[in-house]
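If you scroll down you'll find the structure; I have some questions about it.
The values are calculated or read from the model by the stated rules, or taken from the named source; none is laboratory data. The structure presented is a predicted model; accordingly, all values stated were derived computationally and were not measured. Methodologically, a virtual Cβ is constructed for each residue, glycine included, from the backbone with ideal geometry; neighbour enumeration extends over all protein chains shown. Note: areas computed on protein heavy atoms with side chains; ligands, DNA, RNA excluded. Shrake-Rupley method; radii C 1.70, N 1.55, O 1.52, S 1.80 Å.
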Amino acid sequence: MKKSLSQKEKDFCISFVESGNPIEAAKKAGYTKSPEKSGLRLICRSDISDEIARLESHLQQTLSFAAKCGYKRLAFGNIADAVSLLFKEKPALEDLKEMDLFSISEIKKPKDGAMEIKFFDRIKALEKLEELSGNKSGSESPFYDALITGAQMLSKDSKDNEY
């Protein structure tokens with residue numbers, strides 16, 4: 001029967017996933033007596049390696065999901081708050097905290113007092129979303145593949161019908 005990891009060992013795994021450094025992870029987890037040896041010893045255990053792999057996989061899925069959500073906000077997000085910012089002379093800090101300004105990449109206020117707002121590129125965000133969802137793009141798209149297959153079939157048929 002497989003024994004479960006102690007809280008200290010779990011803390012080591014979490015710290016290792018954060019830092020990638022077994023010695024630093026051992027110190028953070030509370031291995032005060034010889035963290036160098038403890039970290040290296042722990043990292044070599046299969047149950048610890050399995051837990052680290054599980055945590056890394058979970059972290060990767062979480063980061064991928066967060067990236068998709070961010071790209072969705074950039075591609076489809078509302079820009080009303082950003083546009084209303086253009087018409088405010090001196091917006092209060094409290095007003096700014098309440099605004100959704102996620103889609104803004106740059107704000108400039110030249111000397112003439114005007115305000116310039118630059119938004120993230122929605123098309124690029126859509127392309128990244130497509131990339132993250134695993135869809136192929138460009139010359140590897142299913143439509144393109146179907147066209148190539150059709151052209152190859154027509155070419156083969158025309159060669160077969162030659163005298």
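What are the pairs, 6+ residues apart or on separate chains, where a residue within the range 58-84 that is touching a residue at least 60 places away in the same chain (Cβ under 8 Å) and closer than 20 Å to Leu126 by Cβ has its Cβ under 9 Å from a residue that is open to solvent by 60 Å² or more (accessible area, probe 1.4 Å) and polar (S, T, N, Q)?
Listed pairs, sorted by first residue: Lys68/Ser133.
Another one. So which residues in the range 49-71 are surrounded by 15 or more Cβ atoms within 10 Å (Cβ to Cβ) and within 13 Å of the chain's Cα centre (by Cα), if there are any at all? Let's see the steps before the verdict.
In the first step, residues of the range 49-71 are kept if they are surrounded by 15 or more Cβ atoms within 10 Å (Cβ to Cβ); the result is 51-52, 55, 70-71.
Gly70, Tyr71 - these are the residues of the range 49-71 that are surrounded by 15 or more Cβ atoms within 10 Å (Cβ to Cβ) and within 13 Å of the chain's Cα centre (by Cα).
In addition: Can you pull out the residues in the range 27-48 that are in contact with a helix residue (DSSP H, G or I) (Cβ under 7 Å, 6 or more places away or on another chain) and open to solvent by 50 Å² or more (accessible area, probe 1.4 Å)?
Of the range 27-48, the ones in contact with a helix residue (DSSP H, G or I) (Cβ under 7 Å, 6 or more places away or on another chain) are 27-31, 35-36, 38-40, 42-43, 48.
Within the range 27-48, Lys27, Lys28, Glu36, Leu40 meet the criteria.
A further question follows. Quick one: how many residues across the range 83-95 are open to solvent by 60 Å² or more (accessible area, probe 1.4 Å) and either under 11 Å from Phe119 (Cα atoms) or assigned to a helix (DSSP H, G or I) (or both)?
Of the residues in the range 83-95, 4 are open to solvent by 60 Å² or more (accessible area, probe 1.4 Å) and either under 11 Å from Phe119 (Cα atoms) or assigned to a helix (DSSP H, G or I) (or both).
Mind counting the residues in the range 84-116 that are aromatic (Phe, Trp, Tyr) and closer than 22 Å to Cys69 by Cβ? Steps first, answer last, please.
Residues of the range 84-116 aromatic (Phe, Trp, Tyr): 87, 102.
Checking the rest, the ones that are also closer than 22 Å to Cys69 by Cβ come to 102.
Matching residues across the range 84-116 total 1.
Please work out which residue is modelled with the highest pLDDT, limiting yourself to the range 104-150 and to residues that are closer than 23 Å to Ile79 by Cβ, part of a helix (DSSP H, G or I) and open to solvent by less than 60 Å² (accessible area, probe 1.4 Å).
Ranking the candidates gives Ala125 first.
While we're on this one: Does Ser19 count as surrounded by fewer than 15 Cβ atoms within 10 Å (Cβ to Cβ) and of a type in the set (Ser, Thr, Tyr)? Reasoning before the result, please.
Numbers: surrounded by fewer than 15 Cβ atoms within 10 Å (Cβ to Cβ): yes; of a type in the set (Ser, Thr, Tyr): yes.
Here the answer is yes, as Ser19 does meet what is asked.
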